[in-house]
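The values are calculated or read from the model by the stated rules, or taken from the named source; none is laboratory data. All figures in this text were calculated on a predicted structure; none of them were measured in a lab. Heads up, the Cβs are rebuilt from the backbone with ideal geometry, glycines too, and the neighbour counts pull from every protein chain shown. Accessible surface is based on the protein model in full, side chains and every heavy atom, while ligands, DNA and RNA are left aside. Shrake-Rupley method; radii C 1.70, N 1.55, O 1.52, S 1.80 Å.
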Amino acid sequence: MNKINLKGYTLTQMEEFLKQLGEPAYRAKQIFKWIYKGQTQFENMTDLPKKLIKKLENSAYISMVNIYKKYESDIDETVKYIFLLEDRNMVESVKMKYSFGITACISSQVGCPMGCVFCASTEGGIVRNLSWGEMTDEVLAIENDSNEKVSRVVVMGSGEPLLNYEELIQFLKVMNSPLAFNISLRRLTVSTCGIVPGIIRLSEEGMPITLAVSLHAPNDDIRNSLMPINKQYPILQLLDACKYYIIKTKRRITFEYVLISNINDTEQCAQELSNLLEDLLCHVNLIPLNPVEGKNLNRSDPVRVRRFEKILLDEGISTTVRREMGGDIKAACGQLRRSLLMG
Ligand code: SF4
């Protein structure tokens, strides 16, 4: 008999499964809690009767990703992981340590279909979506490895999360569930390259998580050249969806803006960007580019970054320059996986 993987079963599905085993529904809650404490062995679930443990061992298992490689920063406590999935695909995740606790940056797809020109994750295209159980495993594996609870999760690794919508929502529910990770919605961030229907749908979920939108340009000409998605959903349409998200969730949106030398980092770009975001409840996160090998794109010099920031601040736009974590293991998102795939 093929054993069932209980990682990825919702509480309701778990209750149904236990009913089939002739067990009471309340056992589902106990098992659910153990799974999201990181337990993979039924025999270690100390509040279950031996008879049930036997039944579970005969019919089910709990999957877990394996750490394939791990890169630890000598500068700060950032760790980048390459996880090996059950089908031998690989994904990247990052653990970052802040004063308030650990943040896990996780992937939502193997590879990415979006084709942003500055990104290594998209080089081999999309391989497949991750299930919510696999996304949860990325967080669990980070917790297990570091022996600390994750207090904030950002879905900002490889992949476009809003193209893996159902799994994303279930993942966020488990992160937020008091029976599992119990992380508040404010501490959950989803980053999108601007899938307008996905943003509108997310606005209506009644889940006021933090939304980060990769903007990276102040006008359609530049954005078209950096992000193919802009041809489908141009900037003004994207900003309309963002306004809708703000109205529905009352949450401030973060706009991510990677600064690329002489492409989107001029004073004129900064001015144009501040005009565009005027009156919007938002924060701008400026990110000096992490150059990807083989692409002819350079990072802006620090003076230019500060000038860009100052223009936005002078116009009353809340802005910060993202602190670089793990500078010595600084491969940009997707680069580690890509370099391993290319041998
Ligand atoms: S930046 Fe994000 S959306 Fe764009 S290709 Fe990379 S992973 Fe995909």
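Overview of values
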read-out	value
Segment 4-61 - accessible surface per residue (Å², probe 1.4 Å)	54
Average accessible surface area per residue within segment 66-341, 1.4 Å rolling probe, Å²	42
Degrees between helix 132-146 axis and first principal axis of the chain (Cα, 0 to 90, nearest 10)	90
Candidate lysines for bridging to residue 29, where Cα separation is under 24 Å - those fewer than 8 sequence places away on the same chain excluded	3, 7, 19, 37, 50, 51, 54, 55, 149, 173
Relative contact order [Cα under 8 Å, 6+ residues apart], the chain, whole percent	15
Calculated SAXS-style log₁₀ I(q)/I(0) at q = 0.13, 0.17 Å⁻¹ - segment 1-150, Debye, Cα scatterers	-0.69, -1.01
Whole-percent carbon and sulfur share, accessible surface of the chain, 1.4 Å	48
Other-chain or far-sequence residues with amide H under 5 Å of residue 259's (modelled H)	287, 289
q = 0.17, 0.20, 0.29 Å⁻¹: log10 I(q)/I(0) that the Debye formula gives for segment 191-247, counting C-alpha atoms only	-0.49, -0.66, -1.22
Rounded to 5, the percent of DSSP beta bridges in the chain classed as antiparallel	45
Convex hull volume per residue for the chain, taking Cα atoms only, in Å³	140
Reference-scaled alpha-carbon Rg (2.2 N^0.38 Å with N residues) for segment 4-61	0.96
Sequence ranges 162-171, 9-18, ranked by mean other-Cβ count within 10 angstrom, highest first	162-171, 9-18
Computed over segment 4-61: relative contact order in percent, which uses C-alpha pairs under 8 Å that are six or more apart	37
